[in-house]
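The values are calculated or read from the model by the stated rules, or taken from the named source; none is laboratory data. On a predicted model such as this, the values are computed, not experimentally measured, just so you know. When we count neighbours, we look across all protein chains shown, and the Cβ atoms used for this are built from the backbone with ideal geometry, even at glycine. For accessibility, only protein heavy atoms count, side chains too; no ligands or nucleic acids. Shrake-Rupley method; radii C 1.70, N 1.55, O 1.52, S 1.80 Å.
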Protein chains: 2
Amino acid sequence: MMSEAASALALPIVVLADAPTDAAALVTRDVVLGSARSADDLAGLAARCDVMTFDHEQVDLDALGQLEHLGHRIRPGTQTLHMAVDKAVMRSTLEAAGIPVPAFALLAASERGEHLSAIASFADSHRWPIVVKSARGGYDGKGVWIVPSLEEAAPVLEKIEGDIVLEEYVSIDAELATLVVRRPGGQIASWPTVETAQIDGVCREVLVPGTLDPSVAEEAAELGRRVAELAQAVGVFAVELFWSNGTLLVNEVAARPHNSGHWTIDGSETSQFENHLRAVLDLPLGGTERTAAHVASVNVFGGPSATDPAEHLGEALSVKGARIHLYGKGARPGRKLGHVTVCGDTAGEVRARAWEAAEALGAVRPTQIELVEP
Amino acid sequence: MMSEAASALALPIVVLADAPTDAAALVTRDVVLGSARSADDLAGLAARCDVMTFDHEQVDLDALGQLEHLGHRIRPGTQTLHMAVDKAVMRSTLEAAGIPVPAFALLAASERGEHLSAIASFADSHRWPIVVKSARGGYDGKGVWIVPSLEEAAPVLEKIEGDIVLEEYVSIDAELATLVVRRPGGQIASWPTVETAQIDGVCREVLVPGTLDPSVAEEAAELGRRVAELAQAVGVFAVELFWSNGTLLVNEVAARPHNSGHWTIDGSETSQFENHLRAVLDLPLGGTERTAAHVASVNVFGGPSATDPAEHLGEALSVKGARIHLYGKGARPGRKLGHVTVCGDTAGEVRARAWEAAEALGAVRPTQIELVEP
């Protein structure tokens, strides 16, 4: 999707991809095969680019730090990336700045022998269940465990290699996400706050605006901008929040275009991908207003039969107003293969049509997500 | 721009390009170098594609006919292309169907000795000046001459190799274009009719809606659909019209996405490029409604200093609401390098901002195009 935005502005891009079948490699002329975890591959890419940026966080931070030291433009910089890559760094940084977060404790990898007693002590203060997170490497619900008792903590600890974050189990009334974009000099903008439906840590549906009072959305946007400034973000920076007992808590951050912002391609004046490119190139940002009263965006995951959604494109395109985005990935059950956005006048209508198109493409609507007749 | 639409739907495309620096080749992964005038190159492309389609008319029609005969899917088909490629075929076909066109006469290449007397006779019936067109190969005003007298006809005739179309010189009160999209089975849709500012046969500015009465726009759209059906069009089909003394006359047709429809990327529910792909793949068409009260789209041609518009991207992007599209072509005076679209509430405002951004990119606003303060 970033390639499409780059194409419109004739910005020449080079993609570092693990394989020629990677989604970005399929639609970009200039592809370098290699790994973002390899210092050599990152150095090879840096030598070909004026600016290096990212669409995922599985990167070698030390290698990027070296490149930054050598004068390469890495945007966002490693300071920002560190916060997005490491949940322990993120939680500590936010807490130190007075940003509301769930209660947490950090367990250093070096003190493995103390972990179980630390967990017992944390649960004493915050009651079971608690949330155990790997500080690094998690995404889409991976690397996060809800642990109901000390007995069940031990096998979880064995799955984690590095530092650990313990968190209180927050009762969630709604989940929000706010998307910010920031230039190197500090110019900042944010899109309207969205409400997301997360199931097992995976975003299934994005609604703009959500169902909460607009003042909550504005407070979330304000928090998002504070966090982006604190992180010295450059480019798009996403902040996911819990709405819990009348309070907003920052849950996660991402220093890149984010799934909760895919709706901006079809529903806002400037997409997150174009504004990300503008920001990392230090060009003026585009408007972030939404262009419809209601926007719904639904992720398409491979269903149990792993049907290729491309085989049902015609059925999906026949849904009025459905904006289909497929990523060209091989279909597997549970793999994110695309998304559908619908813009319209009412929340019920745009949700119903977005799900209709997503289901045509093979997505299975979770029972937790109920549709009201539009 | 078609590549961007294909990317969103994960439609795998192969581009036949004359050179690796061609605009489409710069942004497409799979490029075959070759010529659309070469039978071998067209056959090579056909062997790799389920459907072959076009973004220009400089094609070898005979070779395409052979491929069609062999069972390759050529969309639009050669019958449609013939009408778009050959102005003599187009004029005759439209006249035979009762579609209003300027008065014309055809001069066959084989009767070269009779041409001057035929011109004298045509001018007797329709008065000087007359318009002399090469039946094939013209675009953007090339291949069209306004001839004021018999003496000046002779050197023009020498420049033309094939068949010739003579036309009355129509007094033009406004120029319109209507964009139609049609599936193989006949499903048809059209975007709102636009008004264009043409200078020396080159489109400089597109306004949606135009300044004429909406009934004229609807009549133009209806004519456009009739012509597209007559041509058995598949994909996008553009019809350019003159508004002359209270009458609509069809001037030109194009069987491909068209410059007068670039505004649809940012100003309508489905872009001409996406709907062209949908149509040639026989997929359901997307909505063609405009999404703003007023849309202006301005072409960016290289100015006298041939500055690369990419060098001034920041200035252009700072214009509120300017949607910039650059084609990645080398800058030359008079070469079409990109376009700018602005959506908004009033015609004055969107025109002023579109020109502001285009001028930032190096375009020179012709004195014939005047802006009223928004």
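So the values come out like this:
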| read-out | value |
| --- | --- |
| Separation between Cα centres of region A:74-123 and region B:236-305, rounded to whole Å | 53 |
| Of the trypsin sites (Lys or Arg not before Pro) in region A:23-121, those whose Cβ has at most 15 other Cβ within 10 Å and which sit in DSSP loop | A:ARG37 |
| Residue-normalised accessible area of the protein assembly as shown, expressed per residue, 1.4 Å probe, Å² | 41 |
| Across the identical copies, how the A:ASP50 labels are spaced - nm, sorted shortest first, 7 Å along Cα→Cβ | 3.9 |
| For A:SER125, label point 7 Å along C-beta direction: distances to other copies, nm | 9.7 |
| Accessible area in the full protein assembly, largest first, 1.4 Å probe, for A:TRP263, A:TRP243 | A:TRP243, A:TRP263 |
| Residue of chain A whose Cβ sits closest to the axis mapping A onto B, with distance in whole Å | A:GLU4, 2 |
| Separation of alpha-carbon centers, region B:134-185 and region A:6-47, rounded to whole Å | 46 |
| Largest-first ordering by accessible area, 1.4 Å probe, given options A:LYS142, B:LYS336 | A:LYS142, B:LYS336 |
| Probe 1.4 Å, all protein chains present, accessible-area order of A:THR341, B:THR307, largest first | B:THR307, A:THR341 |
| Alpha-carbon gyration tensor eigenvalues x 5, square-rooted, for region B:1-129, Å | 37, 16, 15 |
| B:MET1 accessible area, 1.4 Å probe, all protein chains in place, Å² to nearest 10 | 60 |
| Interface size B-A, as summed buried accessible area [1.4 Å probe, Å², nearest 100] | 2700 |
| Pseudo-label separations to other copies for B:PRO148 - Cα-to-Cβ vector, 7 Å, nm | 9.4 |
| Occluded residues from region A:261-307, i.e. those whose accessible area drops by 20 Å² or more once the chain is not alone (1.4 Å probe) | A:GLU269, A:GLU274, A:ARG278, A:LEU283, A:PRO284 |
| Net dipole in debye of region A:171-224 [+1 Lys, Arg Cβ; -1 Asp, Glu Cβ; about Cα centre; nearest 20] | 400 |
| Subset of B:LYS133/B:LYS320; A:LYS87/A:LYS320; B:LYS133/B:LYS336; B:LYS87/B:LYS320; B:LYS159/B:LYS329; A:LYS336/B:LYS320 violating a 32 Å alpha-carbon distance limit | B:LYS133/B:LYS320; A:LYS87/A:LYS320; B:LYS87/B:LYS320; A:LYS336/B:LYS320 |
| Area of A:VAL194 that stays accessible when all protein chains are in place (1.4 Å probe, Å², to 10) | 10 |
| Highest-fluctuation residue, B:ALA233, B:ALA354, B:ALA174 considered, GNM on chain B with Cα pairs under 10 Å | B:ALA174 |
| Dipole magnitude of chain A about its Cα centre (Cβ charges: Lys, Arg +1; Asp, Glu -1), debye to nearest 20 | 640 |
